[in-house]
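The values are calculated or read from the model by the stated rules, or taken from the named source; none is laboratory data. Here the structure is a predicted model, which means the values were calculated and not measured. Here the Cβ is made from the backbone with ideal geometry for all residues, glycine too, and neighbour counts use every protein chain on show. SASA here: full protein model, heavy atoms, side chains in, ligands and nucleic acids out. Shrake-Rupley method; radii C 1.70, N 1.55, O 1.52, S 1.80 Å.
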Amino acid sequence: AGIGKRVALDLARRNARTILACRSWERGQVAVEEIRAATGNPAVLLRLLDTSSLASVRAFARAVLREEKRLDVLVNNAGVTGLPFAITPEGLERTFATNYLGPFLLTNLLLG
């Protein structure tokens with residue numbers, strides 16, 4: 001939804017192979033189908049990613065590095081605000097992990 005979906009739509013319109021990294025399979029699949037229909041680009045893919053989980057970030061990065069020949073653009077757009085204080089299973093404050101640690105780790109893992 002929001003900015004991330006608009007960026008994905010623009011990239012798909014430019015005929016880019018576009019990977020939507022989403023926490024929710026159901027919501028992500030709806031977005032993929034909408035973008036494919038709007039652009040005619042079948043190369044819009046969905047992969048699960050929860051940036052609050054460093055294990056999820058590592059698994060996503062491994063899959064991208066294994067499946068993709070190259071990565072030209074990375075848009076770190078995940079973010080949350082106003083959530084109640086919570087600790088992730090990895091012992092991190094959830095908002096900090098989601099907004100900063102996860103995207104930082106993802107970027108570094110994908111740099112090659």
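This table checks each residue for (1) open to solvent by 70 Å² or more (accessible area, probe 1.4 Å); (2) of a type in the set (A, V, I, L, M, F, W, C).
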residue	(1), (2)
Thr18	no, no
Gly40	no, no
Ser53	no, no
Ala59	no, yes
Asp72	yes, no
Gly91	no, no
Thr98	no, no
Leu101	no, yes
Leu106	no, yes
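Contact annotation: residue pairs with Cβ atoms under 7 Å, 6 or more positions apart or on different chains, pairing a residue in segment 58-77 that is in contact (Cβ under 8 Å) with a residue 12 or more places away in the chain with a partner that is open to solvent by 90 Å² or more (accessible area, probe 1.4 Å), are Asn77/Ile3. Look at (1) more than 19 Å from Leu11 (Cβ to Cβ); (2) surrounded by 15 or more Cβ atoms within 10 Å (Cβ to Cβ) and you find that Arg66 fails only one, number (2).
The C-beta contact set for segment 1-27 (first residue of a type in the set (Phe, Trp, Tyr), second residue open to solvent by 50 Å² or more (accessible area, probe 1.4 Å), distance under 7 angstrom, 6+ apart or interchain) comprises Trp25/Leu48.
Looking across segment 78-89, the residues that are more than 23 Å from Leu9 (Cα to Cα), open to solvent by 30 Å² or more (accessible area, probe 1.4 Å) and either of a type outside the set (S, T, N, Q) or free of Cβ contacts under 8 Å to residues at least 12 places away in the same chain (or both) come down to Gly82, Leu83, Pro84, Phe85, Ile87, Pro89.
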